[in-house]
Amino acid sequence: MVIQLITLGCSKNLVDSEYLLKQLESNGHRVCHDTPGIESDVAILNTCGFILDARQESIDAILHFVDLKRRGKIGRLIVMGCLSERYKDELRKELPEVDGFYGVWDQRDIISDLNSAYDPGLGNHRWVTTPVHYAFLKISEGCNRKCSFCAIPGIRGMQRSKPLPDLTEEAENLASGGAKELILIAQDLTNYGIDLDGKNQLHSLLKSISGIDGIEWIRLHYAYPTGFPKEVIEFMAANEKVCNYLDIPIQHINNRILRSMQRGHGREAIEKLLNDFRTLIPDVALRTTIMAGYPGETDKEFEELVEFVRYFEFDRLGVFPYSAEEGTPASALKDDVPEKIKAERVDMLMELQQDISLKKNLSKTGSRFKVIIDREEGGHYTGRTEYDSPEVDNEVIIGKEKELRPGEFYSIEITGASEFDLLGKPVD
Ligand code: SF4
C-alpha cells in the first residue's frame, strides 16, 4: 500500500511519526511524509491538541483529508496524536468519515489496523524526515510537572524516559544514517531518567552520545529550570560536541505569577541558573519562551517581565499569549486580561527582542564561526552556527562564491546581519 503520513505540532510528534513510518516501511508499504497532493491508499494525520490555534489547524487538516477521501484521492483516513488522544470520542461522533482515531500511545494498534506487524526490533530505528545531517532525539515523553496552564500531562501522561542504552543505540543508528547534529527533545528534558531509577541521567546520556563517531553537535531543548543538574552545565562547557546552546522556557519572571503557574521556583532561582550558564559558558546562546497575559497579570507585573527581558537579553525568545486550556488548574482562574492587551503585550516583547537580536547579530560581524549548511536555495546557501537550532533560530545566508555541500561544516566569516539572519562568506 501507499501510505502517506502528515505531522502537525511539535518535534516530539515528528519523532512519533518517524517510528511509525519505519514500522510501516518494514512491512513493505511505500511510505511518504508531508507530501501534499499525493494520492494514497491510506493517509495518517498526526495531530496536535496543545492550544486552541493548534487544535484548529488539526481540525482543518482533518476536514481537508475528509474531502480528499470523498474525492477518491485517498482510501482510508486515520487520525492519531494529541488532538485525537484528548477528544477521541467527540471527534468520532463529529467525523464518521475518519476510519480510525488513535491516541499518542497507540502505534501498535494503527499498525495492526493496517494488517501489518509491529517489529519490536525496530524500537530504536526511525524513518528520518528531517534533512539527513540533523535529527531529533526524543529522550522522554510525558511530564511530571504541574504547570497550571499546561494540558500536556493530561494528554501525554506522566514522564517516561527512554532507557539510556536504547537512546544510545538510536543515536548510533541516526549517526550511521548521516546525522551529525542531534537535537535532544522532551516535554521536560531536565528530569531525564528520574522516572527510571530515581536518579537524573542527563549527564550520563550526554557522555554516552557524545562518544558516538559522526555526531558533532548535540543540542538541548525543553529544559526546565528546577533541578537542572550543575554537572550538565559543566559538561556542556567542557565538551566540544555539546552546543553552547540551551532552550529553557521560563514562562514568566514575576514571583506571584510563577507561584500561580505552579512552576515550583521563583525569580531568584531562574536568575541564578541563567547566570550560572553565562558564567560557566560565556558564549552560551539561551533561548526561552514567555507567556503574556496570564490570568491576573497586572501592568506592573508585565512591566517587571519587560524589564527582565530588556536587561537579561536572551539570545532567542518566543512569546505566546495565555490561552485557557480545558482541564488545567489555570482554567479555573478568570481569564481577565483582554485578548487585545495580550496581543499588545506579545508584540511589545517581540519588538524589544528584535532590537536585542539585531544588536547581538551585528556584534558577530567580522567573526568566524563553524557553520553547518542546511540547504542550497536559488543564489545562496543557508546554514547555522552552533548557536542556532533548525527551524526556529537565526540562519546564516552565504553567497555562492565557493561551492558548498549541504550537511557539511565550513568556517564562515560573518559579513553582515539583520534581526534574525546573518550574512557570511566562506573562509579559504
Ligand atoms: S514542564 Fe512543560 S510540559 Fe510539563 S507541565 Fe510544565 S509546561 Fe507542561
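The values are calculated or read from the model by the stated rules, or taken from the named source; none is laboratory data. Predicted model only: the values in this text are computed from it and were never measured. All Cβ positions, glycine included, derive from the backbone under ideal geometry; neighbour counts span all protein chains shown. When the accessible area is computed, the model is the full protein with side chains, heavy atoms only, and any ligands, DNA or RNA have been set aside. Shrake-Rupley method; radii C 1.70, N 1.55, O 1.52, S 1.80 Å.
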Taking region 272-289 as the region of interest, how many residues are assigned to a helix (DSSP H, G or I) and without any contact (Cβ under 8 Å) to a residue 12 or more places away in the chain? 4
Give region 290-315 a look and list any residue that's aromatic (F, W, Y) and either assigned to a helix (DSSP H, G or I) or without any contact (Cβ under 8 Å) to a residue 60 or more places away in the chain (or both), or say none. F302, F308, Y311, F312, F314
Among the residues of region 153-185, which ones are within 16 Å of the ligand (Cβ to nearest atom) and under 22 Å from P131 (Cβ atoms)? L184, I185
Are any residues in region 216-265 assigned to a helix (DSSP H, G or I), within 15 Å of S204 (Cα to Cα) and of a type in the set (V, I, T), and if so, which ones? V232, I233
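Taking region 26-50 as the region of interest, how many residues are touching an Asp or Glu at 6+ places or on another chain (Cβ under 6 Å) and closer than 27 Å to Q187 by Cα?
Summing the residues that are touching an Asp or Glu at 6+ places or on another chain (Cβ under 6 Å) and closer than 27 Å to Q187 by Cα in region 26-50 gives 0.
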Looking at region 191-215, which of its residues are in a helix (DSSP H, G or I) and more than 16 Å from the ligand (Cβ to nearest atom)? L196, D197, H203, S204, L205, L206, K207, S208, I209
Go over the candidates Y118, Y87 one by one and state the one that is touching a residue at least 24 places away in the same chain (Cβ under 8 Å), open to solvent by 30 Å² or more (accessible area, probe 1.4 Å) and in a helix (DSSP H, G or I). Y87
Could you list, in sequence order, all residues of region 130-166 that are in a loop (DSSP other than H, G, I, E, B), open to solvent by 20 Å² or more (accessible area, probe 1.4 Å) and of a type in the set (G, A, S)? G157
Residue list for region 114-152, filter: away from the ligand (no atom under 13 Å from the Cβ), touching a strand residue (DSSP E or B) at 6+ places or on another chain (Cβ under 8 Å) and not charged (D, E, K, R): L114, W127, V128, T129, T130, P131, H133, Y134, A135, F136, L137, I139
Residue selected from region 248-271 under the condition free of Cβ contacts under 8 Å to residues at least 24 places away in the same chain and within 16 Å of the ligand (Cβ to nearest atom), by the criterion surrounded by the most Cβ atoms within 10 Å (Cβ to Cβ): L258
Within region 333-410, considering only strands (runs of 3 or more DSSP E) that don't extend past its boundaries, which have at least 1 residues that are among the polar types (S, T, N, Q)? 380-384
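Check R256, R287, R278 and return the single one that is in contact with a Lys or Arg (Cβ under 6 Å, 6 or more places away or on another chain) and assigned by TED's automatic domain parsing to the domain that holds A332.
Values: R256 fails: in contact with a Lys or Arg (Cβ under 6 Å, 6 or more places away or on another chain); R278 fails: in contact with a Lys or Arg (Cβ under 6 Å, 6 or more places away or on another chain).
Answer to the selection: R287.
Got at least one residue in region 369-381 being more than 26 Å from I281 (Cβ to Cβ) and β-branched (V, I, T)? Quick ask: steps written out before the conclusion?
Narrowing region 369-381 to residues more than 26 Å from I281 (Cβ to Cβ): 375-381.
Add one more test, that the residue is β-branched (V, I, T), and what stays is none.
Checked against the condition, which is being more than 26 Å from I281 (Cβ to Cβ) and β-branched (V, I, T), region 369-381 yields no hits at all.
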Residues that are open to solvent by 10 Å² or more (accessible area, probe 1.4 Å) and in contact with a Lys or Arg (Cβ under 6 Å, 6 or more places away or on another chain), drawn from region 197-244: S210, E216
